[in-house]
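**Q** Before anything else, here's the structure in question.
The values are calculated or read from the model by the stated rules, or taken from the named source; none is laboratory data. These numbers were taken from a predicted model, which means no experiment stands behind them. Here the Cβ positions follow ideal geometry from the backbone for every residue, glycine too, while neighbour counts run over all protein chains shown.
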Amino acid sequence: MHEFDHAAATPMRESVRQALADAEPLANPASTHRAGQRARAVLEDARERLAGALGAHPTEVVLTSGGTESINLALKGSWWAARDEGRGTAIVVPVAEHHATLDAVAWLEAQGAEARWVGVDAHAVTDADAFGAALATGGAAVATMLVASNEVGSLQPVGAVADASARAGVPLHLDAVGAFGHVPLRFAETGAALMSVASHKIGGPHGVGALVVRRDARLQALHHGGGQQRGLRSGTQDALGASLFALAAEEALAELDAEATRLHELTTRILALAATLPGVRLLAAEERLPHIAHLVVEGASGEALQFLLDEAGFAVSNGSACSAGVARESHVVRACGVEGAAPLRLSLGRTTTEAEVEALLAALPPAVERARRL
């Protein structure tokens, strides 16, 4: 099977796999005995290495189980803190965010939050002026935005939104789960108060992530216990998982420039072919993630297109994989003004070869034609 769904999860790096195989059992890093302190040393070394890769201070790195937990902690924790301190109850959020964000906001709306929805253009790029206007109204507890669309791949106006958030005195959360390791990103330079990342997007283990929390950010914990990690995320910390995440992050950054150039060239070839096919539209903006090629096929079923390519030996996606395995219409494509079309996200990774892309280029036209007939 040719893997073209790296944006959902990319294979574990060989170095990470080997480190996992060679790892010795670790004690609880909160234990005070010698074995516990050895585990603590592994954990804090990993935190420092992750902080270096993220452009943050080690005390700002709060380890989590992945992107979904990080996003929920950022949004719910910030909203609770702002509400209790009387700073506001509104959330400023673009309409084309990841489901982890949309569902967290929906849950907060049931608790009394006011969602101020911001539109996107035909390329899924957030309207920065509308975002600023929603902030300027006052009463916002937190604002959030993707660094890059996880479905379409378009880069978002982080700088303009961060400036607007700073002027309004509202903490900004950046969802960098799909962008970290693929585009240059330094937390301290973003102007954000919070940023979510995940290990499995860059060749690390599943179930490991982090929320970067600026030292002056105010938020409450989702759950409580031993008070680990500044009291923001209680529970026994996964020292080995953090160490493997740090290793993957370091390698991803070391190869970022070369891989970005290589993958951008390959996805450009895919998009160039797709643009010649009848009834196919390209949604991504010119500034996009280098490893994602996104297109929509008018008059076709997304499930049919995915099935046909799967039968031909290509693992592809209709969009985000984080929807409990349930096929649903892409809210991102709909937000771009496209109805009744089949979305197709082709995402590449470090294991993708030119030969695999050539095979895809041969298989894509007949699959599109058959999907439209069906």
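**Q** Kindly provide the set of residues from region 255-266 that are farther than 10 Å from Leu348 by Cβ, among the acidic types (Asp, Glu) and not in a loop (DSSP other than H, G, I, E, B), ordered by number.
**A** Asp257, Glu265
**Q** Please find, within region 254-303, the residue that is nearest to Leu374 (Cα to Cα) out of those that are among the β-branched types (Val, Ile, Thr) and surrounded by fewer than 18 Cβ atoms within 10 Å (Cβ to Cβ).
**A** Thr276
**Q** Suppose the filter is at pLDDT below 95, touching a Lys or Arg at 6+ places or on another chain (Cβ under 8 Å) and assigned to a loop (DSSP other than H, G, I, E, B); does Gly319 pass it?
**A** yes
**Q** Do you know which of the residues in region 213-247 that are aliphatic (A, V, I, L, M) and farther than 25 Å from Trp107 by Cβ is surrounded by the fewest Cβ atoms within 10 Å (Cβ to Cβ)?
**A** We begin by selecting, within region 213-247, every residue aliphatic (A, V, I, L, M); these are 213, 217, 219, 221-222, 232, 239-240, 242, 244, 246-247.
Then drop every residue that is not farther than 25 Å from Trp107 by Cβ, which leaves 239-240, 242, 244, 246-247.
Values: Ala239: 25, Leu240: 20, Ala242: 26, Leu244: 25, Ala246: 26, Leu247: 23.
Restricting to residues being aliphatic (A, V, I, L, M) and farther than 25 Å from Trp107 by Cβ, the top hit is Leu240.
**Q** So if I check each of Gly191, Gly203, which one is surrounded by fewer than 22 Cβ atoms within 10 Å (Cβ to Cβ), within 21 Å of Val147 (Cα to Cα) and in contact with an Asp or Glu (Cβ under 9 Å, 6 or more places away or on another chain)?
**A** Result: Gly191 is the single residue among Gly191, Gly203 that is surrounded by fewer than 22 Cβ atoms within 10 Å (Cβ to Cβ), within 21 Å of Val147 (Cα to Cα) and in contact with an Asp or Glu (Cβ under 9 Å, 6 or more places away or on another chain).
**Q** So which of Leu253, Leu240, Leu194, Leu219 is over 27 Å from Ala27 (Cα atoms), of a type in the set (A, V, I, L, M, F, W, C), over 18 Å from the mean Cα position of the chain (by Cα) and at pLDDT 95 or above?
**A** After ruling out the rest, the residue left standing is Leu219.
**Q** Would you call Ala113 under 25 Å from the mean Cα position of the chain (by Cα), modelled with pLDDT of 95 or more and surrounded by fewer than 20 Cβ atoms within 10 Å (Cβ to Cβ)?
**A** When the stated conditions are applied, Ala113 does not pass them.
**Q** Mind listing whichever residues of region 9-39 are outside any loop (DSSP other than H, G, I, E, B) and of a type in the set (Asp, Glu)?
**A** Glu14, Asp22
**Q** To continue, here is another question. Within the group Glu339, Glu358, which residue is part of a loop (DSSP other than H, G, I, E, B) and either more than 29 Å from Val183 (Cα to Cα) or free of Cβ contacts under 8 Å to residues at least 40 places away in the same chain (or both)?
**A** Glu339
**Q** Tell me whether region 15-27 contains one or more residues that are of a type in the set (Lys, Arg), surrounded by fewer than 17 Cβ atoms within 10 Å (Cβ to Cβ) and under 29 Å from the mean Cα position of the chain (by Cα). If you could, list the steps in order and put the result at the bottom.
**A** Step one: list which residues in region 15-27 are of a type in the set (Lys, Arg), which gives 17.
So of that shortlist, the ones also surrounded by fewer than 17 Cβ atoms within 10 Å (Cβ to Cβ) come out as 17.
The next check asks that each one be under 29 Å from the mean Cα position of the chain (by Cα); those that pass are 17.
Yes, there is a match, as at least one residue in region 15-27 is of a type in the set (Lys, Arg), surrounded by fewer than 17 Cβ atoms within 10 Å (Cβ to Cβ) and under 29 Å from the mean Cα position of the chain (by Cα).
**Q** Of all residues being part of a loop (DSSP other than H, G, I, E, B) and more than 21 Å from the chain's Cα centre (by Cα) in region 267-293, which is nearest to Ala8 (Cα to Cα)? Just the residue, please.
**A** Ala275
**Q** Sticking with this one: Of the residues in region 170-213, how many are in contact (Cβ under 8 Å) with a residue 40 or more places away in the chain and on the phi > 0 side of the Ramachandran plot?
**A** So the answer is 3.
**Q** Of the residues His173, His182, which single one is closer than 24 Å to Phe4 by Cβ and at pLDDT 95 or above?
**A** Going through His173, His182 in turn, the sole match is His182.
**Q** Within region 342-351, take every residue that is out of contact with any helix residue (DSSP H, G or I) (no Cβ under 7 Å at 6 or more places or on another chain) and not in a strand (DSSP E or B) and give me the one that is nearest to Ser301 (Cα to Cα). First the steps, then the outcome.
**A** Narrowing region 342-351 to residues out of contact with any helix residue (DSSP H, G or I) (no Cβ under 7 Å at 6 or more places or on another chain): 345, 347, 349, 351.
If we keep only those that are not in a strand (DSSP E or B) as well, we get 349, 351.
Values: Gly349: 26, Thr351: 29 Å.
By that ranking, first place goes to Gly349.
**Q** So which residues in region 139-173 are aliphatic (A, V, I, L, M), more than 21 Å from Glu287 (Cβ to Cβ) and assigned to a helix (DSSP H, G or I)?
**A** Ala166, Ala168
**Q** Another one. Report, by residue number, each residue of region 161-170 that is over 27 Å from Ala7 (Cα atoms) and surrounded by fewer than 24 Cβ atoms within 10 Å (Cβ to Cβ).
**A** If the condition is that a residue be over 27 Å from Ala7 (Cα atoms) and surrounded by fewer than 24 Cβ atoms within 10 Å (Cβ to Cβ), then Asp163, Ala164, Ala166, Arg167, Ala168, Gly169 are the ones that fit.
**Q** Here's another thing I want to ask about it. Scan (1) surrounded by 24 or more Cβ atoms within 10 Å (Cβ to Cβ); (2) over 22 Å from the mean Cα position of the chain (by Cα) for the single condition Glu97 breaks and write down its number.
**A** Only one criterion in (1) surrounded by 24 or more Cβ atoms within 10 Å (Cβ to Cβ); (2) over 22 Å from the mean Cα position of the chain (by Cα) is unmet by Glu97, namely (2).
**Q** Which residues, taken from region 338-368, are at pLDDT below 95 and of a type in the set (D, E, K, R)?
**A** Glu339
**Q** OK, next. Among all residue pairs at least 6 apart or on different chains, which show Cβ distances below 9 Å where the first residue, located in region 106-125, is at negative phi and the second is of a type in the set (Lys, Arg) and in a strand (DSSP E or B)?
**A** His123/Arg288
**Q** Further question: What's the number of the only condition in (1) crowded, with 16+ Cβ neighbours inside 10 Å; (2) assigned to a helix (DSSP H, G or I); (3) basic (Lys, Arg) that Arg334 fails to meet?
**A** (1)
**Q** I've got another one for you. Do any strands (runs of 3 or more DSSP E) lying entirely in region 55-138 carry at least 2 residues that are out of contact with any Asp or Glu (no Cβ under 7 Å at 6 or more places or on another chain) and more than 19 Å from Leu155 (Cα to Cα), and which ones are they?
**A** Output list reads 61-64, 114-118.
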